Structures are given as C-alpha cells and as structure tokens.
Amino acid sequence: MSVILSDAWLITMNERREILETASVCVEKDRIAAISTLQDLRRRYPEAEVVDCKGQIVMPGMVNTHTHLFQTLLKGLGDDMVLKKWFVCMTGPSAVHLTPSDAHVAALHGCVESIRSGVTTLVDFMYVHTKPGMIKSVVEAFEETGMRGFVCRGFGSTGEQYGVPKELIEEPEHAMGDAREQMQRYNRPGGRVQVGVAPNMIWAVDEKGYRLTRKLADEQHALITTHIAETTFELETAATRYGQTDTEFLSEIGFLGPDVLAAHCVHCKPHDIRILLHHKTKVSHNPCSNLYLASGCPPIPEMLLAGVTVGLASDGPASSNNHSLFQAMKFAALMQKGFHQDATIMTAEKVLEMATIDGARAVGLEAEIGSIEVGKKADIVILDYSNAFMTPIHHPVSAIVYSALGHEVSTVMIDGKFVMRDGVVGTVDEVAVRREAQMAANDLARRSGSDRFKKRPWRSMTI
C-alpha cells in the first residue's frame with residue numbers, strides 16, 4: 001500500500017538542498033513516489049495511509065560508513081587506551097573468542113541501536129573470522145532488523161610481531177576464497193544487503209593480501225573498505241616495510257580506486273590526499289573514535305576542499321561506545337572548529353551532507369539513497385522535536401547537528417517499510433535483543449579475559 005508522510009518540515013538533501021515547510025511525501029512500495037501538498041497527494045493516492053507528521057522533521061536515513069558490529073559486546077572495555085594497546089590487550093583477544101552466535105546478537109543490537117539513531121545504511125567491517133559462519137550471522141541480523149548495508153568480510157594476513165593474535169591471521173587465498181563464496185551467496189543486483197571485502201590495515205595485511213583483494217573486487221564488483229593512516233603507528237610500519245606511506249604503497253600496487261572506502265585517514269598529508277582524489281577513493285570520517293583513542297584530528301577540511309568524497313561514521317562501539325551518528329555529526333563539526341580555531345571551517349550543513357548524501361556517495365549508492373527525491377529508495381527518518389533540547393528552533397539543520405541528542409528519532413522507514421514506528425522497533429523484539437546482548441557481552445568478556453578492564457578506580461556502592 002501507499003503511505004503519505006504529511007505536513008512535515010522536510011529536509012530533502014537534494015541537489016538544491018531544499019528545506020520545505022509543511023511538505024508531504026508519498027511512498028509506494030520501496031520508492032518515493034511524490035513530494036507535494038497533502039491535498040494534492042490525497043487526490044492522487046486516495047487509498048494511501050496518511051501519517052501525520054505535523055511538528056516533526058522528515059529527513060533521509062543516515063549512512064554509517066564504518067563500524068564493527070561485533071564490538072557492540074565490548075562497550076566500555078577499551079577506555080583510556082591508545083589504539084595499539086586497545087587492540088592488543090582487549091579487542092584482539094575478544095575477537096579470538098567471538099562465536100557466530102555472539103556476532104549475531106551483537107549485530108542485532110547494533111542494528112537496533114542504529115535504527116534508533118536514524119541510520120538506515122551500515123557498513124560493517126567484520127574482521128573476525130576465527131570460526132565459520134561469521135558473515136552469515138551478520139547478514140541474518142541485517143535481514144531480521146530490515147537494515148540496509150554492506151557486510152564486509154575482513155581479514156588479516158600478518159602482524160603477529162605487532163600483537164595481532166595468531167588465531168586471527170589467515171592466508172590471503174583462504175580469506176579471498178571465503179569472501180568470494182559469501183558474495184556469490186548473498187550479492188544480488190539491487191539487493192538490500194551486500195557482501196564486501198575488508199583487508200584490515202597496513203600492519204596486519206601483506207602485499208599479497210591487498211593484491212588479491214583488488215582482484216576479487218574487480219571480479220565481483222564488490223565494495224572494498226580498509227583502514228588507512230589511522231595512527232602514526234601505521235605510518236611508521238609502512239615506512240619500515242615499504243619506505244613510503246600506506247596511501248602511497250596502496251596506490252603503487254594498484255589497490256586504490258573508486259570502489260575503495262578508506263576509514264579514518266587521520267594522518268594523511270597533502271600528497272596522500274592528492275592520491276585519494278586521483279583514484280576517486282572515498283573516505284570515512286570517524287570523529288568520536290579518533291578522539292576516544294587519541295588518534296588525532298584528520299584533515300577533513302583539506303579533503304573536502306580538494307574534492308574527496310567524505311562520509312561519516314561511528315566506528316565500532318569499542319572505540320566510540322555507541323552507534324550514534326548524532327554524536328558523530330556534532331563532534332565532526334566541533335573538533336575541526338577547535339583544532340583549526342576557525343568557527344567557519346566545518347558547518348552543520350556540511351556535516352549533515354556527510355551523514356546522508358555524501359555517505360551514500362561513499363558507498364556508491366547516491367542514485368538510490370541519501371536524499372528524499374522522487375524515484376529514490378524510501379529510506380526515511382522522522383524526528384519528533386517536541387523536547388526541550390531541540391526547541392526553540394530557528395534552523396532545522398542546526399537543531400539536528402548541534403541540539404539533538406538522537407532520541408528524537410521516532411519513526412524509521414527502510415525500503416518503504418516501517419522498521420520503527422512511534423518509537424517501537426517492529427522487526428525484532430528489542431527487549432530480548434538487549435537482554436541477550438548483555439549476557440553475550442558478559443560471557444565474552446569472561447572467556448577472553450577482557451573483564452579485567454571493567455575494574456575502575458572507584459567502588460560501586462549500594463545505599
């Protein structure tokens with residue numbers, strides 16, 4: 001049936017970036033059929049259900065261009081560590097003990113959390129493959145919750161000398177064989193969930209791994225995502241092994257391209273930015289994670305000025321502690337303003353573009369999602385701004401980026417279907433998902449020894 005979202009404050013994110021007051025949107029099946037007045041749409045679609053959106057904002061669903069859903073079970077265990085220690089002491093050991101069942105409940109929880117924060121498309125960088133069935137577990141979670149996105153089969157082929165657990169190291173041929181099998185099983189033209197491939201980072205992947213990734217992606221027309229220049233350690237490792245930056249090395253071996261989504265790029269220099277632009281490689285900006293792990297402030301304004309496409313991301317909840325793109329939007333603006341001491345260098349409008357249409361462009365879906373336009377997929381978010389945090393409102397984009405906390409998301413539609421309506425997730429039992437995730441998190445922390453990081457310098461007391 002058709003649905004009319006009526007009389008909303010509509011943020012289109014179309015090419016003209018129009019913001020329409022008292023606008024109505026008609027959805028038919030999985031597409032946006034029309035944008036007009038309620039009176040006109042009632043006449044054209046008399047059988048449509050009308051959803052009253054007065055006093056609410058309707059906007060495109062957001063695109064989270066980089067996360068690690070399994071890390072949902074690790075929230076709070078990696079506090080106050082730099083990235084290398086965080087990975088070697090906590091994340092790596094936890095990954096070794098992860099089971100497909102853990103991955104499934106973590107992905108369910110992460111997808112529910114994302115829906116609740118207005119995200120309709122996720123890129124999951126699933127680098128844990130100690131046991132068969134990991135990708136299947138995550139794909140099923142996407143299908144159950146209704147999430148759109150990419151489940152990227154990650155791998156590491158080296159790095160034991162840097163602290164990568166040997167259980168996480170695979171032969172590149174094995175990793176690519178499994179990735180190909182998953183792509184052939186799940187990837188369909190226009191499918192809501194696609195499988196990509198994700199070589200981890202320069203200190204955990206050898207040259208063969210990168211070259212085989214490139215070959216597989218060309219063969220299967222698949223998305224590639226990888227970490228680039230996240231910390232100075234990556235640069236030091238690349239300099240030691242290859243005598244150049246990781247960006248330069250990946251360019252030299254023919255790895256980079258328009259189908260590559262490079263996460264972080266914190267320490268990219270002007271020459272690296274020119275390389276990314278030359279190859280039309282996209283960037284995923286993870287401000288909360290970069291601050292949490294003290295990785296640094298990436299040169300996002302310089303990338304944007306050069307013409308590089310930059311999407312926004314939360315990163316895994318073990319290094320940002322939730323999947324909220326509302327937090328990521330605010331931090332994305334504020335960190336650049338503070339670092340450059342320039343209040344104009346990153347605007348609310350640009351940050352919202354990064355979270356929507358630029359995020360869609362970063363994953364090659366800008367023709368389908370990222371804006372509310374006739375003919376595009378109906379991935380739509382409704383915000384109820386009747387709260388003291390967002391009001392009074394002078395400009396809705398400013399209110400979304402700087403004032404909203406994220407709980408304003410009341411209704412979410414993906415592929416024309418309500419996955420959350422009036423604050424209730426309708427695709428899965430959210431209470432059961434949260435309960436199961438807590439039990440899985442406790443058990444995984446115990447098995448991996450990561451529960452020792454739960455100890456804090458103060459005591460919990462009951463009065």
Surrounding charge for I273, neighbours by C-beta under 14 angstrom, Lys/Arg +1, Asp/Glu -1, total 0
In whole Å, what is the distance between the alpha-carbon centres of the range 227-265 and the range 272-296?
11 Å
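After finding the eigenvalues of the alpha carbon gyration tensor for the chain, what semi-axes result from the square roots of 5 times each, listed largest first in whole Å? Could the numbers behind the result be given before it?
Values: eigenvalues 240, 119, 103 Å².
Value: 35, 24, 23 Å, ordered largest first.
Dividing the Cα radius of gyration by the Kirkwood radius, what Rg/Rh value follows for the range 1-86? Provide the component values of the computation, followed by the final result.
Values: Rg = 19.7 Å, Rh = 15.7 Å.
My calculation of the ratio gives 1.26.
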How much of the accessible area of the chain, probe 1.4 Å, is carbon plus sulfur, in whole percent?
53 percent
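Just the number please: accessible area per residue for the range 118-210, 1.4 Å probe, all protein chains included, in Å².
On the way: 3040 Å² over 93 residues.
Each residue of the range 118-210 exposes 33 Å² on average to a 1.4 Å probe.
What's the tally of Lys pairs in the range 52-171 whose alpha-carbon atoms lie under 20 angstrom apart, where the two lysines are 8 or more places apart or on different chains?
Values: K75/K84; K75/K85; K84/K166; K85/K166; K131/K166.
Here the count comes out as 5.
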Sort 45-52, 177-184, 57-64 by the packing proxy (mean of other Cβ within 10 Å over each peptide's residues), most packed first.
57-64, 177-184, 45-52
One finds the C-alpha centres of the range 53-69 and the range 308-343 to be spaced, in Å, by 15 Å
Of all chymotrypsin sites (Phe, Trp or Tyr not before Pro) in the range 298-405, the ones in DSSP coil with at most 12 other Cβ atoms within 10 Å are F389
Under a straight-distance cross-link criterion of Cα-Cα below 18 Å, which lysines are reachable from K350, leaving out those fewer than 8 residues away in the same chain?
K282, K330, K337
Peptides 96-107, 144-155: what's the order by average Cβ count within 10 Å, highest mean first?
144-155, 96-107
Lys, Arg +1 and Asp, Glu -1 on Cβ, resulting dipole of the range 224-322 about Cα centre, debye, nearest 20:
180 debye
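Roughly how big is the chain's charge dipole about its Cα centre, with Cβ charges of +1 (Lys, Arg) and -1 (Asp, Glu), in debye to the nearest 20? Present the calculation step by step, with values, prior to reporting the outcome.
Working: 47 positive and 56 negative charges, 117 e Å.
My answer is approximately 560 debye.
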For the range 330-435, rounded, prolate or oblate, judged on the Cα gyration tensor with a ≥ b ≥ c (square roots of eigenvalues), a/c < 1.5 rounded, else prolate if a/b > b/c?
oblate
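Just to confirm, what accessible area per residue do you get for the range 10-84 at 1.4 Å probe, in whole Å²? Walk me through the intermediate numbers first.
Working: 3320 Å² over 75 residues.
So the range 10-84 comes to 44 Å² accessible per residue, rounded to a whole number.
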Got the relative contact order for the chain handy, in percent, Cα pairs under 8 Å and 6 or more residues apart?
21 percent
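The values are calculated or read from the model by the stated rules, or taken from the named source; none is laboratory data. All values reported here derive from a predicted model rather than from experimental measurement. All Cβ positions, glycine included, derive from the backbone under ideal geometry; neighbour counts span all protein chains shown. These accessible areas exclude ligands, DNA and RNA; they are computed on the full protein's heavy atoms, side chains included. Shrake-Rupley method; radii C 1.70, N 1.55, O 1.52, S 1.80 Å.
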